[in-house]
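Below is one structure, written out as structure tokens, with a few remarks after it.
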Amino acid sequence: ERDFMKIYALMENISHDECLVCEHGLSLYIEADGKKILFDTGASENFAANAEKMGVDLKAVDFAAISHGHYDHGGGLAKFIEINDHAPIYISNKGFNQYYSGTDFNVSIPEGLEGNPRFVLTSEPIKLSDNITLLNCNDREAKYFADPYGLNKLVDGEFIPDDFLHEQYLIIEENGKRIVISGCSHKGILNIMEWLKPDILIGGFHFFRLTTEGEDAAILDKSAAILNEYGATYYTCHCTGTEQYEYLKAQMPKLNYIATGDVIEF
């Protein structure tokens, strides 16, 4: 009897369960390859309250990975460190830099955490278990333009469009399938699919700033057509946008949504 890989959405922008809190953020708990993994921590400690209600024991997590250096993915880190006393937390070596939406909204991970010995700062691909790898694809050429949508990094007092070198992806090989977990796909969902070619992709597409009309709709149409070509199954969420999801879903039979409280297994 094979073990099923399970993914619990501890936090996402919407909830299908009125007992659970939702917020603009993402946190997934994953059981795969005999490991218990936390991928992102939402924007606050709310993910932990949801975990308890969903029967997920955060104390038992073997390791955590933070997809990128934004507060809505790392905002609950202090709470996780308080609950779990041993799991290493893998974050990009650029994960604690200063990031902004525009020039006035600081979207960085909350201060005061950097330097904690639990953090493992990543730059190269790293094997977390026999069948689980964390990598950033920073050395790969982007075939498709990825709009930063006004997101910047602060370097020496200057705002520069973010190149998202702080973003990383989890690859899990399980039951003959290649599963990729992406937080926001800031480097471009089309690029990530081209680079990693998963059978299943779980994560945000970062389309929420696009409308479903005119030139924006044309971008969504083109993206849907390219994503369909891979034959992959998609579970999207968070920064895709619900209206954008509905628009894409009409063109993408293998597109699904994962909201707070949902559990999927393969």
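Data for the structure
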{"item": "Among (1) aliphatic (A, V, I, L, M); (2) in contact with a Phe, Trp or Tyr (Cβ under 7 Å, 6 or more places away or on another chain); (3) open to solvent by 30 Å² or more (accessible area, probe 1.4 Å) - the single one ALA250 does not satisfy", "result": "(2)"}
{"item": "Residue satisfying all of: in the stretch 159-186; more than 21 Å from LEU28 (Cα to Cα) and in contact (Cβ under 8 Å) with a residue 24 or more places away in the chain; least open to solvent (accessible area, probe 1.4 Å) among these", "result": "ASP162"}
{"item": "Residue in the stretch 62-71 that is farther than 28 Å from SER101 by Cβ and over 19 Å from the mean Cα position of the chain (by Cα) present", "result": "no"}
{"item": "Qualifying position, being farther than 25 Å from PRO161 by Cβ and in contact with a strand residue (DSSP E or B) (Cβ under 6 Å, 6 or more places away or on another chain), among TYR245, TYR230", "result": "TYR245"}
{"item": "Residue in the stretch 17-49 that is least open to solvent (accessible area, probe 1.4 Å), counting only those that are in a loop (DSSP other than H, G, I, E, B) and of a type in the set (Val, Ile, Thr)", "result": "THR41"}
{"item": "Hits in the stretch 9-60 (condition: within 19 Å of GLY183 (Cβ to Cβ) and basic (Lys, Arg))", "result": "LYS35, LYS36"}
{"item": "Unmet criterion (only one of (1) closer than 30 Å to ASP17 by Cα; (2) outside any strand (DSSP E or B); (3) without any contact (Cβ under 8 Å) to a residue 40 or more places away in the chain; (4) open to solvent by 20 Å² or more (accessible area, probe 1.4 Å)) for ASN256", "result": "(2)"}
{"item": "Helices (runs of 4 or more DSSP H) within the stretch 165-252 that include 3 or more residues within 20 Å of LEU128 (Cβ to Cβ)", "result": "189-196"}
{"item": "Criterion (more than 22 Å from TYR235 (Cα to Cα), touching a residue at least 12 places away in the same chain (Cβ under 8 Å) and touching a strand residue (DSSP E or B) at 6+ places or on another chain (Cβ under 8 Å)) met by exactly one of PHE63, PHE47, PHE39", "result": "PHE63"}
{"item": "Filter result (in a loop (DSSP other than H, G, I, E, B), under 22 Å from LYS153 (Cα atoms) and open to solvent by less than 10 Å² (accessible area, probe 1.4 Å)) within the stretch 67-90", "result": "SER67, HIS68, GLY69, GLY76"}
{"item": "The stretch 50-66 - residue that is within 16 Å of ARG118 (Cβ to Cβ) and in contact with a helix residue (DSSP H, G or I) (Cβ under 7 Å, 6 or more places away or on another chain) and, of those, most open to solvent (accessible area, probe 1.4 Å)", "result": "LYS59"}
{"item": "Selection count where residues are among the aromatic types (Phe, Trp, Tyr) and within 19 Å of THR41 (Cα to Cα), scope the stretch 165-199", "result": "1"}
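Let's see how each residue does on (1) in contact with a Leu (Cβ under 7 Å, 6 or more places away or on another chain); (2) modelled with pLDDT of 95 or more:
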position	(1), (2)
ALA65	yes, yes
LEU77	yes, yes
PRO88	no, yes
ASN97	no, yes
VAL107	no, yes
GLY115	no, no
LEU121	no, yes
GLU124	no, yes
LYS127	no, yes
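The values are calculated or read from the model by the stated rules, or taken from the named source; none is laboratory data. Source: prediction; values computed, not measured. Cβ: placed from backbone, ideal geometry, glycine included. Neighbour counts: every protein chain shown. The accessibility values were calculated without ligands, DNA or RNA, using every heavy atom of the protein model including side chains. Shrake-Rupley method; radii C 1.70, N 1.55, O 1.52, S 1.80 Å.
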